[in-house]
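The values are calculated or read from the model by the stated rules, or taken from the named source; none is laboratory data. All values reported here derive from a predicted model rather than from experimental measurement. Every residue, glycine as well, gets a Cβ built from its backbone with ideal geometry; the counts of neighbours run over all protein chains shown. Heads up: the accessible areas ignore ligands, DNA and RNA and are worked out on the full protein's heavy atoms, side chains in. Shrake-Rupley method; radii C 1.70, N 1.55, O 1.52, S 1.80 Å.
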Amino acid sequence: MHPREAQSSGADCSPDIDWERTLGRLDERGFALIHHVLTRRSCEALATLYGDQRQFRSRIDMSRYAFGRGEYKYFKYPLPALVQQLRSLIYPRVAPLANQWRERLGIEQPPYPKNLSDFIEQCHRAGQQRPTPLLLKYGPGDFNCLHQDLYGDIFFPFQVTFFLSRRGKDFAGGEFVIAEQQPRRQSRIEVLAPDQGDAVILSVDHRPVRGARGYYRAHLRHGVSTVRSGARYTLGIIFHDAK
């Protein structure tokens, strides 16, 4: 999918992600790296939004809350056109797998709706009405501790990170880190080095793993290693809203 320069209502979205392969990888490991999702122009336009305070509802200094070092800002509604488009287009692609995971783990809750708007309505009825898509900014020495992005009782099991800066040119370091913890096992760590325009779809909380007696939960957390130099921007797309 290339949301080519999709900052306007005339956005050109070419659905050329290999979704069968991507969903297979996501199902197998709890994350999937996808290359060349956004153009350079779209990445730069999104990163530029960070300086426009009118776009955001709040700013978080990560060091203040011991989340790491760096900062991020949550968008307010209405979301920028490309952010809304990415959120709306990706959700129905991954919702069927979200429901498969729900069934495998025996989670007693209604199925996730087919469309994002219906799911957001569920969030709002439960008092989760604050938008969660965000822009993150890292400079030299900044990092993000391993964490999960859960904002209330209702949450969607997947989220997406889009990488807006050029590795090796705009910044160095700042690898994307994923840690998986299975019961009675040491944590498994994956270190990814996505470049500008790439995206990672990953589990928000846990994934089902088949065992001898059925499925069990493997918990995942993600973070960012220390940025050695430059400026690193990312866009986070979380599908559930916050309390």
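With the radius of gyration and the Kirkwood radius both derived from the Cα set of the range 1-158, what is their ratio Rg to Rh?
Numbers: Rg = 16.8 Å, Rh = 17.5 Å.
Reported Rg/Rh, Kirkwood definition of Rh: 0.96.
Towards the positive end of the charge dipole of the chain, with charges on Cβ (+1 Lys, Arg; -1 Asp, Glu), say which of Tyr215, Leu134, Pro111 has the farthest Cα.
Of Tyr215, Leu134, Pro111, it is Tyr215.
Looking at the range 71-124, I'd like the Rg to Rh ratio, where Rg is from alpha-carbon atoms and Rh is Kirkwood's inverse mean 1/r.
Working: Rg = 13.4 Å, Rh = 12.7 Å.
Radius of gyration relative to Kirkwood radius: 1.05.
Along its three principal axes, how long is the range 68-208 when you only count alpha carbons? Whole Å, largest extent first please.
So the three principal-axis extents are 45, 44, 24 Å.
Given q = 0.23 Å⁻¹, what are the Debye log10 I(q)/I(0) values for the range 44-97, with equal point scatterers placed on the Cα positions and solvent ignored?
-0.93
At 0.890 mPa s and 25 °C, plugging the Kirkwood radius over alpha-carbon pairs of the range 43-133 into Stokes-Einstein gives what diffusion coefficient in µm²/s? Present the calculation step by step, with values, prior to reporting the outcome.
Numbers: Rh = 15.4 Å.
The calculation lands on 159 µm²/s.
At a 1.4 Å probe radius, which order do Lys137, Lys169 fall into by accessible area, largest first?
Output order, biggest surface exposure first: Lys169, Lys137.
Taking N as the number of residues in the range 132-219, what is its alpha-carbon radius of gyration divided by 2.2 N^0.38 Å? Don't skip to the end; give the middle numbers.
Values: Rg = 15.3 Å, N = 88, 2.2 N^0.38 = 12.1 Å.
Computed over Cα atoms of the range 132-219, the ratio equals 1.27.
Per DSSP H run of n ≥ 4, the term is -39500 (n - 2.57); total these for the chain, divide by its residue number, and report the mean residue ellipticity at 222 nm rounded to 500 deg cm²/dmol.
Details: 4 runs with 54 residues, N = 243.
Roughly -7000 deg cm²/dmol at 222 nm, from the helical runs in the chain.
Work out from phi, with θ = phi - 60° and the Karplus expression 6.51 cos²θ - 1.76 cosθ + 1.60, the ³J(HN,Hα) of each residue of the range 48-64, listed in order in whole Hz, and give x for Gly and Pro.
Computed from phi, the couplings for the range 48-64 are 5, 4, 4, x, 9, 5, 5, 7, 10, 9, 6, 10, 10, 8, 4, 5, 4 Hz.
Can you run phi through the Karplus equation (6.51, -1.76, 1.60; θ = phi - 60°) for the range 183-197 and list ³J(HN,Hα) in whole Hz, with x for Gly and Pro?
x, 6, 9, 5, 5, 9, 10, 10, 10, 10, 10, x, 10, 4, x
With only alpha-carbon atoms in the gyration tensor, what are the semi-axes of the equivalent ellipsoid for the range 114-179, in Å, largest first? Could you put the intermediate results ahead of the total?
Values: eigenvalues 185, 34, 24 Å².
Three semi-axes, in Å: 30, 13, 11.
Assign unit charges at the C-beta atoms only (+1 for Lys and Arg, -1 for Asp and Glu), then state the dipole size of the range 140-243 relative to its Cα centre in Debye, rounded to the nearest 20.
With Lys and Arg at +1 and Asp and Glu at -1, about 460 debye.
Compute the accessible area per residue over the range 34-183, keeping the other protein chains in place, probe 1.4 Å, unit Å². Can you show the working numbers first?
On the way: 7030 Å² over 150 residues.
Computed with neighbouring chains in place, this is 47 Å² per residue.
I need the shape label for the range 20-63. Rule: rounded when a/c is under 1.5, else prolate if a/b > b/c, else oblate, with a, b, c from the alpha carbon gyration tensor. It would help to have the intermediate numbers written out before the result.
Values: a/c = 3.70, a/b = 1.77, b/c = 2.09.
Oblate shape, in that a/c is at least 1.5 and b/c is the bigger or equal ratio.
Based on alpha-carbon centroids, what's the gap between the range 152-193 and the range 85-120 in Å, whole number please?
Comparing the Cα centres of the range 152-193 and the range 85-120, I get a distance of 21 Å.
Could you bin all the Cα-Cα distances of the range 204-243 into 5 Å bins starting at 0 and give me the percent of pairs in each, rounded to whole numbers?
So the P(r) values, bin by bin, are 5, 14, 14, 17, 15, 13, 12, 6, 3, 1.
Under 13 Å Cα-Cα from Lys76, which aspartates and glutamates qualify once same-chain neighbours fewer than 8 residues away are excluded?
Within the straight-line limit of under 13 Å, Lys76 reaches these aspartates and glutamates: Asp52, Asp241.
Of all the Cα-Cα pairs you can form in the range 111-151, what percent are over 16 Å apart? Could you put the intermediate results ahead of the total?
Values: 467 of 820 pairs.
When all Cα pairs of the range 111-151 are counted, 57 percent exceed 16 Å.
Computed over the Cα atoms of the range 171-243, what is the ratio Rg over Rh, Rh following Kirkwood? Write out the running numbers ahead of the final one.
Values: Rg = 15.1 Å, Rh = 14.4 Å.
Looking at the range 171-243, the ratio lands at 1.05.
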